[in-house]
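Undergrad: Take this structure, written in structure tokens, and hold onto it; I'll ask about it next.
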Amino acid sequence: MSFESILRHTTLLAVSVLALCVLGLLAAFSVPVQMIPDVATRTVMVETQWPGATPQDVEQEILIEQEQYLRTLPNLQRIISTASTGQASIRLDFPFGADVNEALLRTSNALSQVSDYPENVDQPALTTTSSSEEPFMYFAITPRPDSGMDLDLAMVRDFLDDEVRPRIERIPGVSLVGIMGGAERQVRIEVDPERLAQRGLDMSDVRDALRARNLDTSGGDLDMGKRRMLVRTVGRFAGAAEITSLIVAEENGTITRLSELGNVQLDHYEQQELTFVNGEPALFLSVRRETGANVIQTKYAVLPEVEAIGREVLAPEGLQISLFSEDARYVEQSVASVWRALGMGALLASLVLYIFLRSIRTTAIGVIAIPLCTIAAFAGLLLAGRTLNVISLAGIAFALGMTVDNAVVVLESIDQERRRGLKPFDAAVEGTWRVWRAVLACTATTIIVFLPILLVDDEAGQLFSDIVIAFAASIIASLLVAASVVPALAARLMGPHEDEPPAGGGYFDRVAQRLNWFIKSRMRRLLVIAGTVAGAVLALILLTPPAEYLPEGEEARVFANMVAPPGYSLSEMEGVTKDLIADLRPHRRGGASYDAQQTANFPDIEMFSMFVDAQGITVVTDPSDPSQIEPLRRALEKRMTAVPGMRASTARGSVISAEDGGTRSINIEISGNDLQQIYRVAELAFARAEHLFPDAQISSEPGSLTLDQPLLELRPRWDRIAEVGLDSSRFGYSVAALSDGAFVDRMILDDRQVDIYLFSSAGMAQRPEDLQHLAIATPSGAVLPVSALADLHETVDTDSIRRVNGRRTVTLYIVPPRSVPLEAGVEQVRRQILDEMSMAGEVPDGVSLDITGAADQLDSTRQSLFSNFLIAIVLSYLALVATFRHWGHPLLVMITVPLGAAGGMLGLALLNGSGALLDLFGLGRIDQPFDMITLLGFLVLLSAVVNNPILIVMEAYHGLGEGASPASAVEHAVRTRLRPILMSTCTTVIGLLPLVAIPGAGTELYRGLGAVMLGGMLTSMVVTLTFLPCLLVTVIESMPVVSEKSRSLLEALVTRPLAWLRRHRAPSA
């Protein structure tokens, strides 16, 4: 369909546009809102519980066998296993793009091949995780101050699991609710070892008697005429009190009941962690959203239901629930910040357009592209299954100025045709047709540039894709608007030809004359060309900073970790926690203990929570003043480091992936088989890292790097055990029950399985020195102390064993200071830690050191972006060849790309320079790293910087085709296209400016990309109006000389030899 046909059906066009606007607005309200794009799930977690087991037994009995079957899974990239007290954990990493459901099924099938687990090991639990599926809301459960009830919070966990968690998980958008703190219920049988031994019984006898009784047996059914009756033998215990009547043994008519040996009570497992909110004991609920769910809508769906739960379920039990922390608020602030910048950019772009056009009607025609293309971007995100987040909104905002470009070019062309005397309708048709190829070429190159980005399938690529989709949808819509809506409105609204020149015409003529001054002299042209190239090369060499991986997207939140020496007990860590609480309470604004006089040394905090176990303490706190986040981090680290024997690290909150140490972590993996050697090398590397980066955040996994965990080994005297008729199983079970309790069986209480455990009468108060004196009855009739049957040997080992790809591994996480970019930090770690340790002989045979984490991801993402950048350049060139129908002319356009890239680097340098200047005046420092999203700006820039050169080159060759001289054709091209170039560049730059200049939540995610585009667009405009005309004239004027030389060379190499051959063949003929 021709442009004339389109413009003759304006009613149909208007209806179509309005219908699409309605659908687009529906899409805008339907697109889920969240902080960052969803990152594809590629991790499968396997959790296996074995209560009471040591890390050494967990590794030998569970992990090694599970790994044997899991390591052969297809596409498995990495397997990380951890053995800790009572738990085995395995993380399986698959490549991005892998089918996680298939991976989950294969994992389940592989685990089903594990032949056998120890007796009381729970079945492995499988879950999938991704970096975008972290909890977004946290609720604290605390006793009501006015309840008057003496509550044991540890016993509340099962109540929350039964009554609260299911109600929240039923809310649309919620995928999982986790419970932190407390302990599961447990039936405890505490038996007096002396009484047991006096009756010739041991712990195994109690276990066997209980298991034999705690059974229900189906007896089939019986017919009763018309009725059928089911038969079953009921043996299961209905309650804990019923267990006391258990008959343990019968001998010569004498019955020994459990009540004669000890007592039974319903209690809970020994607590492995303590949780506090603002210094008070609490339990926590963490809420995760479903993938693709609208985080804001989900938040406002959760809050009223939680309020109802608190009123209907918790209040009668003396409990209360309160919102402790939520990321949705930060999401709302970040999205609002982008919306604000988007609206301000649209207004500023409209104002700039009006300054150029000096006509409200004409300006309205030009800016109509902004709302239409924005609506199209929402529709594109919905159709692509994406979300509305800070990244995709930034893509829409970045496209804002460029969506006006096509409309401006078409509008200017129509205006020129109208001033040539054509009627409005004819001017609209002819003006649109005249620049159609250029507009199509600009749009095609923009879209083609973005296509390779969709091939980047790692974490960064999934963040990039939202920008690509939003940008591409806007630009495609801008092409359609420029080719239909703009000329249709121009034909109706611009009116007939008027004699006065275009607004600012005299000014643009004077500017064009001064720009064309460079063209008139060959020497000036060469100087401009050489100076521009030299400046660009210097800018790229001197201003290109070392790279970072991804922006952290920082929240005003501090995470602090205190690592305890091996062997510390939970009670000891509870004492350390109470001291820390006493220090933090006076700084919590609004708290009962708040003391404003102490804020000089420690900033005020809004809230704080603590998670405590025997291995350490984790503190999460928010400052009252977000600007005090760094002083708070340093003060908290200083306070925690002051505790003797403790090691502490702190970090700011981040909305981007926190796996493997975060987006700035340099990970050193130290692997081998001998734990003692691994830990020794890890300690040396840790010390070197502290010396290399004095202000770095350094931590490790496992947290402790010493084999100082006390371990009591009982080494049986096998001859003596055989002599008294015992075996390894009975003796081991008795020792387990006498020390920390042994699993017996399970019973059903309130429709929930509850474990039954057997203890000595000392319960959890058993002390190591008492163990050797405890009595064990033997089948021979002798009652002997444990020390008579085994030697007790005290030794040390580790409290956690970590394995990576089947090898024991310690990982050091090194987060360098902000003054050290990740790329530079990786090089320093490689040279000054790994290489120097190797040369110093500090790495024994069998131990390997590798750098992983964000450093690996940085390299892979950068290589992927670089290769895709080359592909984008080739594709753009081919698109221009198709548009120009010439192989050489597009090269004149493409040569401006590296010059624009140099401008982008200059823009980033100016942003950081202005940030340092602001810091001098106390206005807050801006440090924008050269991260991968900032690097994406150069790909976006590639699509933008070629647009203006296309206009100049096309117009110049159009003039040549009409018989003008090279200089005249180029001068006319500059004069004709100056105003649209200035208009499109200024509207784009001014539209982008709020995104870069106005601070706000989440701006650090996209500010660098905006700075690159600002610098590149401005540089491209200057290059297009100075360097490119000089280059065009030089190249065009040189073509006849080159053609003459080519003909001379052809004559010398081909024509003359052929003539010589003909002359010498003639006589013989």
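Quick note: the coordinates plus some simple rules give every number you see, no bench work behind them. Quick caveat: nothing in here was measured; it's all calculated off a predicted structure. Methodologically, a virtual Cβ is constructed for each residue, glycine included, from the backbone with ideal geometry; neighbour enumeration extends over all protein chains shown.
Undergrad: So for the stretch 557-654, considering every pair of alpha-carbon atoms, how many percent are separated by more than 22 Å? If you can, show how the numbers build up before the last one.
TA: Values: 1167 of 4753 pairs.
Counting every Cα pair in the stretch 557-654, those more than 22 Å apart make up 25 percent.
Undergrad: Turning to a different aspect of this structure: Relative contact order, percent, of the stretch 557-654 when contacts are C-alpha pairs under 8 Å separated by at least 6 residues?
TA: Reported as a whole number, the value is 41 percent.
Undergrad: Nearest 20 debye, what's the magnitude of the dipole of the chain about its Cα centre given +1 on Lys and Arg Cβ and -1 on Asp and Glu Cβ? Could you put the intermediate results ahead of the total?
TA: Details: 87 positive and 123 negative charges, 1450 e Å.
Dipole about the Cα centre, nearest 20: 6960 debye.
Undergrad: Only counting other Cβ atoms within 10 Å, I'd like LYS299, LYS520, LYS226 sorted with the fewest neighbours first.
TA: LYS226, LYS520, LYS299
Undergrad: Here is a follow-up. Fewest to most neighbouring Cβ within 10 Å: what's the order for CYS1030, CYS442?
TA: Least to most surrounded, the residues fall as CYS1030, CYS442.
Undergrad: Got a sec? How would TRP433, TRP50, TRP887 order by Cβ neighbour count within 10 Å, fewest to most?
TA: Details: TRP433 17, TRP50 22, TRP887 11.
Fewest-to-most Cβ neighbours within 10 Å comes out as TRP887, TRP433, TRP50.
Undergrad: By DSSP, what percent of the beta bridges with both residues in the chain are antiparallel, rounded to the nearest 5?
TA: In the chain, DSSP labels about 95 percent of beta bridges as antiparallel.
Undergrad: Restricting to Cα pairs below 8 Å that are 6+ residues apart, what does the relative contact order work out to for the chain? Please round to a whole percent.
TA: Result for the chain is 17 percent.
Undergrad: State the antiparallel share, in %, of DSSP beta bridges confined to the stretch 557-654, rounding to the nearest 5.
TA: 95 percent
Undergrad: Just name one of VAL410, THR446, SER245: the one whose Cα is farthest towards the positive end of the charge dipole of the chain (beta-carbon charges, Lys/Arg +1, Asp/Glu -1).
TA: After comparing all options, I get VAL410.
Undergrad: A follow-up question, please. What is the distance in Å between the Cα centres of the stretch 988-1029 and the stretch 206-233?
TA: That distance is 79 Å.
Undergrad: Then there's this: What full-extension length gain, to one decimal in nm, is calculated for VAL796 and ASP595 as 0.36 nm per residue of separation minus the Cα-Cα distance?
TA: 67.9 nm
Undergrad: Where the centroid of each part is defined by its Cα atoms, how far is the stretch 831-883 from the stretch 265-314 in Å?
TA: 42 Å
Undergrad: Using every Cα-Cα pair within the chain, state what percent have a distance larger than 47 Å.
TA: 45 percent
Undergrad: Taking Rh as the Kirkwood radius computed over C-alpha pairs, what is the Stokes-Einstein D of the stretch 41-129 at 10 °C in a medium of viscosity 1.306 mPa s, expressed in µm² per second?
TA: 122 µm²/s
Undergrad: Give a residue-ordered list of calculated ³J(HN,Hα) values for the stretch 751-760 (Karplus: 6.51 cos²θ - 1.76 cosθ + 1.60, θ = phi - 60°; whole Hz; x for Gly, Pro).
TA: Result, ordered by residue: 6, 10, 6, 10, 6, 10, 10, 10, 10, 7 Hz.
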